[in-house]
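Contents: one structure, followed by commentary.
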Amino acid sequence: GWEDQLTDKDFWRKVQDIPDEEIWEAHQRQKRRTLEFIRERHEGVLTTQRRDGWPQLSNVTYVTGDDGVIRVSVTDSRAKTKNLRRDPRASLHVARSDFWAYAVVDCHVELMPVAADPHDATVEALVDYYRSVMGEHGDWDEYRRAMVADGRLLLLLTPTHAYGMLSR
């Protein structure tokens, strides 16, 4: 395989001959493919950093907006929320159903305010989130009240780096 060629000087000359534009375009294609893989799914594992530096992993449902921002509904009392208030960086791991293909995006995270009123901006965003994932709710007034009672908010994840293995 290609690993056997790493000590071959001709291999490195060939790599150096690849125009920067081609390398950049290949990188951009892979990035688009990775983000599309994530957009097509709605379940993943969110990793945040605990105060002691160890990772905190949480299974989450998410939706990717047309703006490329990944939205996750959480409650204010959860460990992941507390971790993100302290360090607003996270990684989202998303796997294909057979487990052998996956993508990871490292993200900067913005936390919306905690829902305080059934008609505030956070609850409106949570309604949009629900519709994107689940469709219509049977009782939107009940849903809005529950978002306030639960102390819900949305995490807004903006990808900064993507990687994974999609070809298996």
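The values are calculated or read from the model by the stated rules, or taken from the named source; none is laboratory data. Values in this document were obtained by computation on a predicted structure and should not be read as measured data. Using ideal geometry, Cβ is built from the backbone for each residue, glycine included, and neighbour counts are taken over all protein chains shown. Note: areas computed on protein heavy atoms with side chains; ligands, DNA, RNA excluded. Shrake-Rupley method; radii C 1.70, N 1.55, O 1.52, S 1.80 Å.
Data for the structure
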read-out	value
Count - residues of the range 128-159 that are open to solvent by 40 Å² or more (accessible area, probe 1.4 Å), more than 29 Å from Thr34 (Cα to Cα) and assigned to a helix (DSSP H, G or I)	7
Number of the condition not met by Asp98 [criteria: (1) touching a strand residue (DSSP E or B) at 6+ places or on another chain (Cβ under 7 Å); (2) charged (D, E, K, R); (3) modelled with pLDDT under 95]	(1)
Failed item in (1) surrounded by fewer than 19 Cβ atoms within 10 Å (Cβ to Cβ); (2) within 20 Å of Gln30 (Cβ to Cβ); (3) of a type in the set (Gly, Ala, Ser), with Ala162 passing the rest	(1)
Any hit, the range 145-155, residues being within 21 Å of His42 (Cβ to Cβ), within 12 Å of the chain's Cα centre (by Cα) and not acidic (Asp, Glu)	yes
Entirely in the range 1-104, the helices (runs of 4 or more DSSP H) that have 1 or more residues that are exposed (fewer than 10 other Cβ atoms within 10 Å of the Cβ)	9-16, 20-39
Some residue of the range 106-115 being open to solvent by less than 50 Å² (accessible area, probe 1.4 Å), touching a Phe, Trp or Tyr at 6+ places or on another chain (Cβ under 9 Å) and either in a helix (DSSP H, G or I) or among the acidic types (Asp, Glu) (or both)	yes
